[in-house]
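Peer 1: Handing you a structure now.
The values are calculated or read from the model by the stated rules, or taken from the named source; none is laboratory data. Remember, it's a predicted structure, so these values are computed and weren't measured experimentally. Quick reminder, even Gly has a Cβ in these numbers, built from the backbone with ideal geometry, and neighbours come from all protein chains shown. The accessibility values were calculated without ligands, DNA or RNA, using every heavy atom of the protein model including side chains. Shrake-Rupley method; radii C 1.70, N 1.55, O 1.52, S 1.80 Å.
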Amino acid sequence: MPDTAPGTSGPRVDWANFQNEIYAAGLFGGAVPRLPTDLAQLEELAARRLPPGPVGYVAGNAGDGSTARANREALDRLRIVPRMLRDVAERDLTVDLFGTRLPAPLALAPVGVQSIMHPDAEPGAARAAAAVGVPYTTSSASSVPMEEIAAAAGDAPRWFQLYWPKDRDVAVSFLDRARACGYSALVVTLDTWLLSWRPRDLDQAYLPFLRGVGTANYFSDPAFQAGLAKPVAEDPGAAVQHFLRMFADPTKTWGDLGFLREHWDGPIVLKGIQHPDDARRAADSGMDGIVVSNHGGRQVSGAVGSAAALPGIVSAVGDRLTVLFDSGIRSGADMLKALALGAQAVLLGRPYVYGLGLDGRAGVDHVIRSLLADFDLTLALSGYTAPGELTPDALTRLD
Ligand code: FNR
């Protein structure tokens, strides 16, 4: 693994060297990587090797999948225009995010129910992120309690993603627990007050939560348990019903954000923003950041590609908020494009989950190292030595 001091003192890593390691292993030991190095190929491999229910849950989208396709199209329409003769021998991928120096402009996106993919589950993914100092975002819907994931992350930076529950006591309890086990930033997801129409899951009648997966934070929570007539183990069906009733609250509006500020003193990041006016409201509400995201196209079918929404949002709030980006990131070039449009970091979603499914924690190591090596090389070959040098000038757009 690269030699890093996760998260704190400007860990500078020769990410591109992963390429040399791969070629050397082939030359001297005849070994090739266990997983593809083109991360876009992971979905197909996962579909061949893993059971259809779990793969369908990860790969599936809202409606006809057109938003997920739009995410890719929006990134593909942007093209990098490489620049020459700029001395790119030394590069520094580190960025400051919410007062922490990170090794690269990357975090792992919150993804729930990871035990459906591999028994290493969220702690495995968190260990892989921690090994390189990339923040891991624990989902409210994780398959093991947030405390176990925090322990796996050790000293590495970690964020907690809140699905804001209807029950106020459970919400407060989640925030207290997250603070107590060292999550530094709160990521509040705004696009999932209801579960969308997802044909791939519907056609298989497969929803992990109904099988008690993705409920670990709730079932282990004292405030949640207080609302049950019997302990979870004695009546798991009732516990699942209680979970479904409180999971989300579609009545929430902008005026409710004060509650979060009251109960969380660290950075608060709103995830799921796609409109500049919503971004402005986030800034006006005293939030610290946003994730420009459409949940990977899993919530609203027929929606705008996330990268197409990014420039308008950056011009609206780029000087007031930390702008993060996800939905469609599959390569170093995708990272470069999002950063050039003004995102300060990107969140990686499905590729690391496929890596987990295919090879456990080692698969997530592979995905993170591949992505960052690819990004480092693409940055250099495009004529840049640091994320901060990137501007929209690095790109042209195909019409
Ligand atoms: C997600 N995502 C998500 N987001 C969130 O805020 N909380 C969550 O629990 C989950 N769970 C989840 C499960 C699965 C299987 C997927 C694929 C996604 C959304 C995630 O954080 C991110 O926004 C998307 O994954 C980005 O899209 P791509 O790049 O993965 O296509």
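Peer 1: Could you please find all residues in region 116-135 being open to solvent by 10 Å² or more (accessible area, probe 1.4 Å) and within 12 Å of the ligand (Cβ to nearest atom)? Give the steps one after another, and end with the answer.
Peer 2: Just the residues of region 116-135 that are open to solvent by 10 Å² or more (accessible area, probe 1.4 Å), to begin with: 116-120, 123, 127, 130-131.
Listed by number, the residues that qualify are Ile116, Met117.
Peer 1: For Asn71, only one of the following conditions fails: (1) in contact (Cβ under 8 Å) with a residue 40 or more places away in the chain; (2) open to solvent by 20 Å² or more (accessible area, probe 1.4 Å). What is its number?
Peer 2: (2) is the only condition that Asn71 fails.
Peer 1: Looking only at residues that are among the hydrophobic types (A, V, I, L, M, F, W, C) and touching a Ser or Thr at 6+ places or on another chain (Cβ under 8 Å) in region 284-303, which one is nearest to Arg198 (Cα to Cα)?
Peer 2: First, the residues of region 284-303 that are among the hydrophobic types (A, V, I, L, M, F, W, C): 287, 290-292, 300, 303.
Applying the additional criterion that residues be touching a Ser or Thr at 6+ places or on another chain (Cβ under 8 Å) yields 290, 292, 300, 303.
Numbers: Ile290: 25, Val292: 22, Val300: 10, Ala303: 15 Å.
So the residue we want is Val300.
Peer 1: Thr138 fails exactly one of the following numbered conditions: (1) within 13 Å of the ligand (Cβ to nearest atom); (2) of a type in the set (Val, Ile, Thr); (3) touching a residue at least 60 places away in the same chain (Cβ under 8 Å); (4) open to solvent by less than 10 Å² (accessible area, probe 1.4 Å). What is the number of that condition?
Peer 2: Answer for Thr138: the failing condition is (3).
Peer 1: Got a number for residues in region 141-154 being in a loop (DSSP other than H, G, I, E, B) and within 16 Å of the ligand (Cβ to nearest atom)?
Peer 2: Residues of region 141-154 in a loop (DSSP other than H, G, I, E, B): 141-145, 154.
Those left that are additionally within 16 Å of the ligand (Cβ to nearest atom): 141-145.
Here the count works out to 5.
Peer 1: Quick one: is Pro157 surrounded by 23 or more Cβ atoms within 10 Å (Cβ to Cβ) and away from the ligand (no atom under 16 Å from the Cβ)?
Peer 2: On the way: surrounded by 23 or more Cβ atoms within 10 Å (Cβ to Cβ): yes; away from the ligand (no atom under 16 Å from the Cβ): yes.
Spelling it out, Pro157 is indeed surrounded by 23 or more Cβ atoms within 10 Å (Cβ to Cβ) and away from the ligand (no atom under 16 Å from the Cβ).
This table checks each residue for (1) away from the ligand (no atom under 16 Å from the Cβ); (2) in contact with a helix residue (DSSP H, G or I) (Cβ under 8 Å, 6 or more places away or on another chain); (3) without any contact (Cβ under 8 Å) to a residue 12 or more places away in the chain.
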position: Gln161; (1), (2), (3): no, no, no
position: Lys166; (1), (2), (3): yes, yes, no
position: Asp169; (1), (2), (3): yes, yes, no
position: Ser173; (1), (2), (3): yes, yes, no
position: Arg177; (1), (2), (3): yes, yes, no
position: Cys181; (1), (2), (3): yes, yes, no
position: Ala185; (1), (2), (3): no, no, no
position: Trp193; (1), (2), (3): no, no, no
position: Arg200; (1), (2), (3): no, yes, no
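Peer 1: If Ala109 passes every condition in (1) within 12 Å of the ligand (Cβ to nearest atom); (2) touching a helix residue (DSSP H, G or I) at 6+ places or on another chain (Cβ under 7 Å); (3) hydrophobic (A, V, I, L, M, F, W, C); (4) within 27 Å of Ala46 (Cα to Cα) but one, which one does it miss?
Peer 2: (2)
Peer 1: Please specify each residue of region 311-337 satisfying the condition of being within 11 Å of the ligand (Cβ to nearest atom), surrounded by 24 or more Cβ atoms within 10 Å (Cβ to Cβ) and either without any contact (Cβ under 8 Å) to a residue 40 or more places away in the chain or at negative phi (or both).
Peer 2: Leu324, Phe325, Asp326, Ile329, Asp334
Peer 1: Which of (1) surrounded by fewer than 24 Cβ atoms within 10 Å (Cβ to Cβ); (2) more than 13 Å from the ligand (Cβ to nearest atom) does Ser370 not meet, given it meets every other one?
Peer 2: It is condition (1) that Ser370 fails.
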